[in-house]
Each structure stands twice: as C-alpha cells, then as structure tokens.
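K.L.:
Got a structure for you, written out below as structure tokens; questions coming shortly.
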Amino acid sequence: MAQESPKNSAAEIPVTSNGQLEDSHEHSFNRDLKRSLPVGLGLSETKITSHGFDSTKEGVIEAGPFPGSSASPKSSVISPSSAAASRLAGQGCDLIIPTGGRAQQKSGPVVLADEVKNPAMEKLELVRKWSLNTYKCTRQIISEKLGRGSRTVDLELEAQIDILRDNKKKYENILRLAQTLSTQLFQMVHTQRQLGDAFADLSLKSLELHEEFGYNADTQKLLAKNGETLLGAINFFIASVNTLVNKTIEDTLLTVKQYESARIEYDAYRTDLEELNLGPRDANTLPKIEQSQQLFQVHKEKYDKMRNDVSIKLKFLEENKVKVLHNQLVLFHNAIAAYFAGNQKQLEQTLKQFHIKLKTPGADAPSWLEEQ
C-alpha cells in the first residue's frame, strides 16, 4: 500500500511501496523544490540532510548528478523508510537558510530564552497607566462639578483646611502692610538723618542760630537712631511672619494638595468598583471586579495615610503658629509703643529681650583690604 508523509509547507511527497517517487508527481515536486530555494541556487546543488539520529542514510533527499557521472540528473530518491519521512516532515520547521545561500537544518533542541525587558516598553506601560489614572481622575472631577458624582468628605478636616487657607490670606495681607511700613520708615529715617546733618552744618556756619540749629540736629539724629532701632524690630517681625506664611503654612498646604489628589483617586476607583458590582457577574467580569477591588484597596490605604498626615501637620502647625505669632506680636507692640513714646531705653530693651542685633550701616561692605 502507498504511504503518505506528513504535509510540509514546501511540497507533498507521495512514496510508493518500494521507496520510489511516483512519476506523475515528479515534475511538480521538482518545481516546488525550486521555488523554495533562494535565488542563485540550482536544483542540482541541493542537498537537505536530517541529522540527530543514529542512522546516517534515512531521511536524505538528493538532487543532481552522481559523482563521476555525466548523465542528466535523476529524479529525487527517498530512502524507503516511513520513519525517515516523518522525521523530515517533523523537522521542516527547523530549516534555516544562512547568508551564504546554502540551506541547512538547525539541529538540537530549541530553547526559548526569557523575554528581555525593554526600557521603551516599560516607559510605554508607565505612560499607559498614567493616562488611565488621569482619565479616571478627570472624569471624577467633572462628575463632582456637575453634581453627578459622589465625593468622600471629612467634615472636621475640611473645616480646618478652609480656616488655614483663610488665615494664610490674612497673614499675607499683614505681611504686605508691614513691608510697606518698613519701606516708608526707612525713607523717613534716611530723611531725618540727612536733615540732622543739614542742621549740624548750619549750626557751625550761623553763629547767631548756633544753639537752635544744634538742638534740631540732635533731635533729628536721635529720631533717626530710634527709627533704625524700630526698623530692626519691624524687619525681624516681617522675617518671622514670612517664614511662617511662605514656608511652614505652604508646606502644610502642599500636603493638603497631595491629600486632595489621593481623595480624588480614591473616589474615582471607588466609583469604578461600584459600577462593576452593579453589573452582571460572569467569567468575563469577575477578573475585572477582582482587579478593581485590588486597585481600590491600594488607593484607600493611600487616602487614609494622607488624611492622617494632614491631621498631624495641622496640629503641629497650630501649635507653632500660636507660639511664633505670640512672640512677634508682643515685639511689634512694645517696639511701636516705645518709639512713639520717645522711650529710647524701653525700645532698646525690647530688642535685647528678643535677641535682635541691629546692623550697622556699611557693616556688610567689605574693607579695602578684603577687596585686594
């Protein structure tokens, strides 16, 4: 009976009982074999050998003239073995064609290496996750503004945050006014110093008004000196309030922004989970529900952590704010009162109480020796 070898992508080879090719298929086999070879490789040069088995003759297809013979090429011969035919067909997927133009078979077992991580693919995956998270959060924000979505609210914490933001605006207004007062006081002190120098010069040149010019010169110089002392107290007040507003409170508000972002993410994934739970439960939706439940739990833990951080920072900020503003308000009051009362000793005592050192004009400028 005739035997048929397994089908190959190149050709189907029918074999007779004595191992010879059927004459009716000889021409089609040669044509298909020629088509499967690379350009420039003739049929007479073809030799395909199956290795890896004990027998060296089974599974050999040769086409071309026999050595030492000038006769025309005979038809292809297949060793009379069904095992060889099955091995050849089974190894057809291992056939490789190198750059030299020879068709050779890749021998040995095929080992699949682990997939190498591609940095570009990792970045693409990060961008995909970020885009999905941004879409969910944006949808949640729009839903809240349109009144269609629900949001998680901590009434006590939200009230504290609103008070903090309102107080920050008021402290910034005080800071601007104090800076304006400092600028105007500096100009006034500078004018008083110049006026005192002018009175002193006139007291030397006007003998008949020497005493009058002298009194006014001393008064203006004293006012300028007290003004410099008051200016030092006001600048110390401005620096302390500026640190409180633009560093301490700002750092707390930055944590508040992170808390609000975590709250939006938490509500977005909570909404997704609720929508999936309301839908049907089948083999397709159960994995999605499980994944959504895991993401929801992750963002819930993040939200709880940020809420706890904000509560702690608000508590510490309140304690620090009371302590700082108490000292600065006492300083500001005592310095202003002593200055306008003309009490120079009280003004100087106020600065010593708060360890404020006045800068001598020109003290920051380097000497000519340091410049050399």
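The values are calculated or read from the model by the stated rules, or taken from the named source; none is laboratory data. Everything numeric here is computed off the predicted structure, so don't read it as measured data. In this analysis, Cβ positions are derived from the backbone assuming ideal geometry, glycine residues included, and neighbour counts consider all displayed protein chains. For the accessible areas, the whole protein counts, side chains as well, though only heavy atoms, and no ligand, DNA or RNA atoms are used. Shrake-Rupley method; radii C 1.70, N 1.55, O 1.52, S 1.80 Å.
K.L.:
Going by what's in this entry, would Ser150 be described as out of contact with any strand residue (DSSP E or B) (no Cβ under 6 Å at 6 or more places or on another chain), at pLDDT below 85 and open to solvent by less than 70 Å² (accessible area, probe 1.4 Å)?
P.N.:
yes
K.L.:
Kindly check whether there is at least one residue in segment 259-281 that is crowded, with 18+ Cβ neighbours inside 10 Å and closer than 30 Å to Thr350 by Cα.
P.N.:
no
K.L.:
Just to check your reading of the model, which residue among Lys345, Lys315 is open to solvent by 90 Å² or more (accessible area, probe 1.4 Å), charged (D, E, K, R) and closer than 30 Å to Leu230 by Cβ?
P.N.:
Answer to the check: Lys345.
K.L.:
Might you check whether a residue that is over 30 Å from Gln349 (Cα atoms), open to solvent by 70 Å² or more (accessible area, probe 1.4 Å) and assigned to a helix (DSSP H, G or I) occurs anywhere in segment 223-245?
P.N.:
There is no residue in segment 223-245 that is over 30 Å from Gln349 (Cα atoms), open to solvent by 70 Å² or more (accessible area, probe 1.4 Å) and assigned to a helix (DSSP H, G or I).
K.L.:
Surrounded by 15 or more Cβ atoms within 10 Å (Cβ to Cβ), over 21 Å from Tyr303 (Cα atoms) and either touching a His at 6+ places or on another chain (Cβ under 8 Å) or β-branched (Val, Ile, Thr) (or both): does that describe Val189?
P.N.:
So Val189 passes the test.
K.L.:
Of all residues in segment 318-342 being under 45 Å from the mean Cα position of the chain (by Cα) and β-branched (Val, Ile, Thr), which is surrounded by the fewest Cβ atoms within 10 Å (Cβ to Cβ)?
P.N.:
Looking at residues that are under 45 Å from the mean Cα position of the chain (by Cα) and β-branched (Val, Ile, Thr), I get Val322.
K.L.:
Being surrounded by fewer than 15 Cβ atoms within 10 Å (Cβ to Cβ) and either at pLDDT 85 or above or part of a helix (DSSP H, G or I) (or both) is the filter here; which residues of segment 193-207 pass it?
P.N.:
Gln194, Asp197, Ala198, Asp201, Leu204, Lys205
K.L.:
Let me ask another. Within segment 208-226, is there a residue that is over 27 Å from Lys357 (Cα atoms), among the small types (Gly, Ala, Ser) and modelled with pLDDT under 95?
P.N.:
Taking every residue of segment 208-226 in turn, at least one turns out to be over 27 Å from Lys357 (Cα atoms), among the small types (Gly, Ala, Ser) and modelled with pLDDT under 95.
K.L.:
Which of the numbered conditions does Leu273 fail, given that it passes all the others? Conditions: (1) in contact with a helix residue (DSSP H, G or I) (Cβ under 6 Å, 6 or more places away or on another chain); (2) touching a residue at least 24 places away in the same chain (Cβ under 8 Å).
P.N.:
Failing condition for Leu273: (2).
K.L.:
So which of Lys288, Lys300 is in contact (Cβ under 8 Å) with a residue 12 or more places away in the chain, surrounded by 12 or more Cβ atoms within 10 Å (Cβ to Cβ) and over 30 Å from Glu156 (Cα atoms)?
P.N.:
Sole residue among the options that is in contact (Cβ under 8 Å) with a residue 12 or more places away in the chain, surrounded by 12 or more Cβ atoms within 10 Å (Cβ to Cβ) and over 30 Å from Glu156 (Cα atoms): Lys288.
K.L.:
Just checking, which of Glu250, Glu274, Glu260 is out of contact with any Ser or Thr (no Cβ under 6 Å at 6 or more places or on another chain), over 25 Å from Asp166 (Cβ atoms), assigned to a helix (DSSP H, G or I) and not hydrophobic (A, V, I, L, M, F, W, C)?
P.N.:
Glu274
K.L.:
Yes or no: segment 159-176 includes at least one residue that is more than 35 Å from the chain's Cα centre (by Cα), more than 19 Å from Gln258 (Cα to Cα), among the acidic types (Asp, Glu) and open to solvent by less than 90 Å² (accessible area, probe 1.4 Å).
P.N.:
No.
K.L.:
Another question, then. Do the conditions hold for Gly149, that is, is it under 54 Å from the mean Cα position of the chain (by Cα), in contact (Cβ under 8 Å) with a residue 12 or more places away in the chain and within 30 Å of Ile336 (Cβ to Cβ)?
P.N.:
no
K.L.:
Another question, then. Only one of (1) open to solvent by less than 100 Å² (accessible area, probe 1.4 Å); (2) modelled with pLDDT of 75 or more is not met by Gln353, so which one is it?
P.N.:
With respect to (1) open to solvent by less than 100 Å² (accessible area, probe 1.4 Å); (2) modelled with pLDDT of 75 or more, Gln353 is out only on (1).
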